[in-house]
């Protein structure tokens with residue numbers, strides 16, 4: 001194996017390691033963002049007097065967003081809740097990085 005072949009092989013290995021690292025980092029970061037969004041949805045539903053359904057949020061969209069200090073990964077999570085009549089509604093939580101940028105219950109909920 002020539003030194004050129006060896007350096008190409010090492011570069012490919014390094015690229016593969018970096019790719020695996022990036023995928024693991026994205027997975028862990030997404031899990032943390034989902035935990036934050038789930039806890040926020042629970043608290044929001046408690047404060048509004050509605051029932052948080054399914055006990056979790058679902059990732060609807062993944063995108064890049066601008067925080068002023070650079071690009072971050074933005075996510076939109078959906079969650080379901082029900083009012084006192086049992087009618088099912090959908091809310092959403094938007095994040096940019098680890099900051100929550102918007103929360104919506106989709107309809108007006110009385111206190």
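The values are calculated or read from the model by the stated rules, or taken from the named source; none is laboratory data. What you see is a predicted model, and the numbers here were worked out from it, not measured in a lab. Please note: Cβ atoms are built from the backbone with ideal geometry, for glycine as well, and neighbour counts cover all protein chains shown.
Annotations
- Filter pass, residue 66 being under 15 Å from residue 106 (Cα atoms) and at pLDDT below 90: no
- For the stretch 32-64, residues that are closer than 15 Å to residue 92 by Cβ and surrounded by 13 or more Cβ atoms within 10 Å (Cβ to Cβ) total 19.
- In the stretch 46-62, the residues that are without any contact (Cβ under 8 Å) to a residue 12 or more places away in the chain and in contact with a strand residue (DSSP E or B) (Cβ under 9 Å, 6 or more places away or on another chain): 46
- For residue 29, the conditions (1) in contact with a strand residue (DSSP E or B) (Cβ under 6 Å, 6 or more places away or on another chain); (2) surrounded by 13 or more Cβ atoms within 10 Å (Cβ to Cβ); (3) farther than 17 Å from residue 104 by Cβ all hold with the exception of (1).
- Scan of the stretch 85-107 for residues that are surrounded by 15 or more Cβ atoms within 10 Å (Cβ to Cβ) and at pLDDT below 90, ordered by number: 97, 105
- Some residue of the stretch 3-22 being without any contact (Cβ under 8 Å) to a residue 40 or more places away in the chain and within 30 Å of residue 92 (Cβ to Cβ): yes
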